[in-house]
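What follows is a single structure, written as structure tokens, with notes after it.
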Amino acid sequence: MTDSRTAGERILVVEDEPEFAALIALWLERHEWRPIVVSDGLEALRAFEAEQPDLVVLDLGLPTMDGLEIIERIRATSTVPIIVVTARGGEADRVRGLRMGADDYVTKPVSFPELVARIGAAFRRAHTWNQVAERPELRHPGLVIDGRSHRVVVEGQTVRLTPTEYRLLRYLAERPDALLSHGELQAAIWGPGYREDHHLLRVTMRNLRAKLAAAAPARRFITTSYGLGYRFAALPEGAEAGA
């Protein structure tokens, strides 16, 4: 059953296999969402600008423009949820998709009930974080997080994060020195159904840490307790082992 808050939401489906695209559209309509189906990359960008969809379901292997470039172009102007649905299941493709700004990644062959569940979870995340968008500015040594603009400044340098990376950093930074388990972070950032999906957390954490380290190589903002979870502590590099 679709959450009444998301009924009628527009979902841009970018898929070049007609039969598969039709099946996705059918499942979306059954759950009271409004699919907008296109089959190539340039058409997807035009439809995104014209229709302003509430969520994007995106294949990577597309005519005229690769899906990764589409993610990058969308992320230049929008934080709309993006779910990648593709036959590219390799680690490198997953890492690149999430680094570019995808919120979730589903590998073909697809379970349509699972896809619908992930779309619902993405809408719930967006709704929850829109409600807390007016959070005050959060400051730690070397780090400023502006809750209104979602702007992150590290050692005076603006760091561009994906929406998921931002949510993960904010959640950690609001709980300094607390050891947060993998399951807690996955449930808080992606939703309760993701508590066992370690891959999303691992890749997102890797990308987040790389961006923070590029701006502040002398600091270790997030440390690891192996097998247990992560902890936020803006420490000088080398002050604590385990990251």
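The values are calculated or read from the model by the stated rules, or taken from the named source; none is laboratory data. These figures come from a predicted structure and were not determined experimentally. Here the Cβ is made from the backbone with ideal geometry for all residues, glycine too, and neighbour counts use every protein chain on show.
Quick rundown of the values:
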| item | result |
| --- | --- |
| Count - residues of the range 66-109 that are out of contact with any helix residue (DSSP H, G or I) (no Cβ under 8 Å at 6 or more places or on another chain), in contact (Cβ under 8 Å) with a residue 12 or more places away in the chain and of a type in the set (Val, Ile, Thr) | 1 |
| Search result, residues across the range 21-35 that are touching a residue at least 12 places away in the same chain (Cβ under 8 Å) and either of a type in the set (Asp, Glu) or under 16 Å from residue 67 (Cβ atoms) (or both) | 21, 24, 32 |
| Qualifying positions in the range 40-65 - more than 17 Å from residue 21 (Cα to Cα), outside any helix (DSSP H, G or I) and without any contact (Cβ under 8 Å) to a residue 40 or more places away in the chain | 64, 65 |
| Boolean, residue 86 is modelled with pLDDT under 95 and either among the aromatic types (Phe, Trp, Tyr) or surrounded by 19 or more Cβ atoms within 10 Å (Cβ to Cβ) (or both) | yes |
| Any hit, the range 130-145, residues being assigned by TED's automatic domain parsing to the domain that holds residue 200, buried (at least 16 other Cβ atoms within 10 Å of the Cβ) and among the small types (Gly, Ala, Ser) | yes |
| Residues of the range 146-157 classified as part of a strand (DSSP E or B) and surrounded by 12 or more Cβ atoms within 10 Å (Cβ to Cβ), total | 5 |
